[in-house]
Amino acid sequence: METAKTYEEINQKIRDGDVVVLTAEEVAGFVREKGVEKAVKEVDVVTTGTFGAMCSSGAWLNFGHADPPIKMQRVWLNDVEAYAGVAAVDAYIGATQLSESEGMEYGGGHVIEDLVRGKEIELRATAYGTDCCPSREIRTTITIDDINQAVLLNPRNAYQRYMAATNSRDETIYTYMGTLLPNYGNVTFSGAGILSPLHRDPNYETIGVGTRIFLGGAQGYVIWEGTQHNPGKAMGTIMVIGNLKEMDPRYLRGCTIHKYGTSLYVGLGIPIPLINERVAQTVARDEDQIKTNLLDYGVPRRDRPVIREVTYAELRSGKIEVGNKEVPVSPLSSFKMAREIAEKVKKWIERGEFFLSSPMELLPRDTIFKPMRQVAEAPLVRDVMTEPAITAGPEDTISHAARLFAEREFNHLPIVDEGGKLLGIVTSWDVAVALGTGKKKLSEIMTRRVITASEDEPVDAAARKLEQHNVSGLPVVNAGGLVRGVITSEDISKLIGRRVK
Amino acid sequence: MSVKMLLKYSAEALDKPILAEVIRQTSAGINILHAELNATKGEMLIGVEGSPEEIERLIDLFKGRGVDARRLERTVELDEGSCMDCGACLSLCPTGALHITEDYSVKLNENKCIMCEVCVPACPVKAIKVFKPF
Ligand code: SF4
Ligand code: SF4
């Protein structure tokens, strides 16, 4: 495609003070009114922004040498471990690493925010000691000003777009997409939609290695494609770098995703030069043209079922339809902050404080995101459950159950109706407790709100249910509610025993 | 005006239809937000809509029947300096007390809050505080 203007021409305009910059929201209106051709002629740069939890973030730190020297083998910052498998006093603090004393309340993301805020950080390190670096332990406090380099280096940021999440289960679940209420009670989504940097240049014509960007309040760079970069599926990502010492805690916030873990909210913005008409076209697309899938996070598998397709415009409206009910929607990333970042980059460029850099190399457009190679398939509930399950009816007697438990040596008796549908469960413990109380029928002692498993659920997911609900067995039911078997903690221990062998 | 009140029932007052009686004698709107009633204790959180005089009178009506009624000054607080306007709390708030404005700021309408505390742990930066009186 014919180039309308070069980076050098745009930078000259910035120097001359007559560059024309619009935010991505503004340019959409401009193109709607005046068309793409006019946009390429009259607008030089479009600014974007996003502000969301980006788990794949962290910082390289160099502490300088102690006396006597130490070759740090393990390092903790405010009790959060940093990776130290590099030279003596370098370490990488990752956003999702949890505090060893405070757990999910404090993690690597918080350490990074506290560093940027100039707070004192407790540094602890251990080592095995060598002839040149004999020290085996160190405890001190540092601030960001005391250390040599502090470099934010995030392997995967600024997802072009992301899936929206909901939950089909009848219990609340806590995911990296936030708290998801039972029975499709809410929907969450992430990403800045119309302001999303990578979605404004989805053909990757202007973003590449060396693109200067807004990162955490400072000027940083794109250094590579991000991990899991998947532009073919409109799921591109970037790897970015910037000087943590210049950053602003307004745009880097440590956070806790409830019962999931810690992370870091990162503010990031990319200016997109309108180098040709195609770029002008994609940069101006409205939010109703940005689609994503609403997935059921109630299914703990890699391939989660798609509930429906949604646009960012629908998600942004705060309510969407799922099934035939209207469900409230939460964004997880801040549109207000995304806007603020796009505005800020615009101001920087207009004031001549930010110049565009021509990428050394554009990002690949053909990478794919492969699943993990697993040499053994994850076992499913159907592989380890006891089947067929021994069952009883609600009208059967407690002594009948007592006999069954004694003769067949098991502990979980699903109670079913004539059609085989699950009504409740009675355990050998329930029976033992009930004997001598005068109760007769199983319906009097059965637990009616039963936690169940499904046949094609991974054993790990069933094990988590056992643990969370503090029970020792789950009836396995199919989609029609028919009991197919029972899975117990004993079945799972046997499996683990086999795995260890 | 709209306020929240904590009612503490004495053991003797527990089995009497006090709330119904009081509601009949006042023009203030009363909304039960939360109740914990059992054999030994009774506590109820109510939202009241009415003039300041009416609210004062309401407190006397309760007190006259052995129910200690107290106006709650602080119920819930959104620390706007810390809030990132991310919106994670929005779809969890059952009453719309937490809501988003036209410029995408997240705001809290204290009057609508029923102090359910769902938003408290769900906020990634712990910007919401609920002052539960019990
Ligand atoms: S406690 Fe939080 S979630 Fe509950 S009503 Fe109040 S603001 Fe909404
Ligand atoms: S979840 Fe917390 S930070 Fe996000 S908008 Fe709500 S109060 Fe603000």
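Just so you know, all these numbers are worked out from the coordinates, no wet-lab data involved. Model, not experiment: these values are computed from the prediction. Ideal geometry is used to build each Cβ from the backbone, glycine not excepted, and the neighbour counts take in all protein chains shown.
Helix A:459-469 axis versus longest C-alpha principal axis of chain A: approximately 80°, rounded to the nearest ten.
The radius of gyration of the Cα set in region A:102-212, together with its Dmax, comes out at 21.3, 62 angstrom. For region A:330-450, the alpha carbon positions stretch 87, 38, 26 Å along the principal axes, listed from largest to smallest. The separation of region A:360-413 from region B:1-69, counted between C-alpha centres, amounts to 51 Å. For the segment A:52-59, counting C-beta atoms of other chains within 10 Å of every residue's C-beta and taking the mean gives 1.
Computed from phi, the 3J(HN,Hα) profile of region A:115-122 under the Karplus parametrisation 6.51, -1.76, 1.60 (θ = phi - 60°) reads 4, 5, 6, x, 6, 6, 10, 7 Hz, with x in place of Gly and Pro.
Put in order of Cβ neighbour count within 10 Å, fewest first, the listed residues A:Ile496, A:Ile290, A:Ile341 become A:Ile496, A:Ile290, A:Ile341.
Over region A:188-286, the alpha carbon radius of gyration divided by the compact-protein estimate 2.2 N^0.38 Å works out to 1.15.
Summing +1 for each Lys or Arg and -1 for each Asp or Glu, what net charge is found among the other residues whose Cβ lies under 14 Å from the Cβ of B:Arg65?
Numbers: positive: B:Lys8, B:Lys16, B:Arg24, B:Arg57, B:Lys63; negative: B:Glu12, B:Asp15, B:Glu21, B:Asp60, B:Asp68.
Once all neighbours under 14 Å are counted, the net charge is 0.
At a Cβ-Cβ separation cutoff of 4.7 angstrom, cysteine residues of the protein assembly as shown with no neighbouring cysteine are A:Cys55, A:Cys132, A:Cys133, A:Cys255, B:Cys83, B:Cys86, B:Cys93, B:Cys113, B:Cys116, B:Cys123. On a C-alpha basis, how far is the centre of region A:111-178 from the centre of region A:237-267 in Å? Whole number, if you could? That distance is 9 Å.
Amide H to amide H distances under 5 Å link A:Thr47 with A:Leu22, A:Thr23, A:Ala24, A:Ile272, where only residues 5 or more positions off or on other chains count and H is placed in the peptide plane.
P(r) tail for region A:64-147: Cα pairs beyond 22 Å make up 22% of the total. In the frame of its principal axes, region B:29-134 has Cα extents of 47, 33, 20 Å, reported largest first.
Exposure proxy shown here: for A:Val36, B:Val106, A:Val375, A:Val80, the number of other Cβ atoms within 10 Å sets the order, fewest to most, as A:Val375, A:Val36, B:Val106, A:Val80.
The three principal axes of the Cα atoms in the protein assembly as shown give end-to-end lengths of 92, 77, 60 Å, sorted in falling order. Rounded to the nearest 10 degrees, what's the angle between the helix B:52-63 long axis and the longest principal axis of chain B, both from Cα atoms, 0 to 90? Taking Cα atoms only, the helix is inclined about 50 degrees. Shown here for region A:326-362: GluC sites (Glu not before Pro) in loop regions (DSSP other than H, G, I, E, B) with at most 14 other Cβ atoms within 10 Å, namely A:Glu353. Cβ crowding within 10 Å, taken as a proxy for footprinting-reagent exposure, orders B:Lys4, A:Lys13 from fewest neighbours to most as A:Lys13, B:Lys4.
Here the Karplus curve 6.51 cos²θ - 1.76 cosθ + 1.60, taken at θ = phi - 60°, turns the phi angles of region A:266-283 into couplings of 10, x, 9, x, 10, x, 10, x, 7, 7, 7, 5, 5, 4, 4, 5, 6, 5 Hz, with x standing for Gly and Pro. Amide H to amide H, with H built 1.01 Å from N, A:Thr175 comes under 5 Å of A:Leu180, counting only residues 5 or more places away or on other chains. Excluding residues on the same chain fewer than 8 positions from A:Lys41, give the lysines whose Cα lies under 26 Å from its Cα. Partners within reach: A:Lys5, A:Lys13, A:Lys344, A:Lys346, A:Lys347. Springs between Cα atoms under 10 Å define the GNM used for chain B, and in it the highest mean-square fluctuation of B:Arg65, B:Arg24, B:Arg57 occurs at B:Arg24. Per-residue mean of foreign Cβ neighbours for B:89-101 is 4 (Cβ atoms of other chains, 10 Å radius).
Normalised Debye scattering of region B:76-130 at q = 0.13 Å⁻¹ gives log10 I(q)/I(0) of -0.24, counting only Cα atoms as equal scatterers and leaving out solvent. Using only DSSP helix segments of four residues or longer, with each worth -39500 (n - 2.57), what per-residue ellipticity at 222 nm results for chain A after dividing by its residue count and rounding to 500? Mean residue ellipticity, 222 nm, calculated: -6500 deg cm²/dmol.
For A:Val299, the amide hydrogen comes within under 5 Å of the amide hydrogens of A:Ser168, counting only partners 5 or more places away or on other chains and with H modelled in the peptide plane. Compared with the dominant Cα axis of chain A, that is its longest principal axis, helix A:335-350 is turned about 20°. In terms of packing, defined here as the mean over residues of other Cβ atoms within 10 angstrom, the peptides A:133-139, A:160-166 line up highest first as A:160-166, A:133-139. Computed on the Cα trace of region A:381-500, the radius of gyration divided by the Kirkwood hydrodynamic radius gives Rg/Rh = 0.97.
The alpha-carbon of A:Lys465 sits under 18 angstrom from the alpha-carbons of these lysines, leaving out residues fewer than 8 places away in its chain: A:Lys259, A:Lys494.
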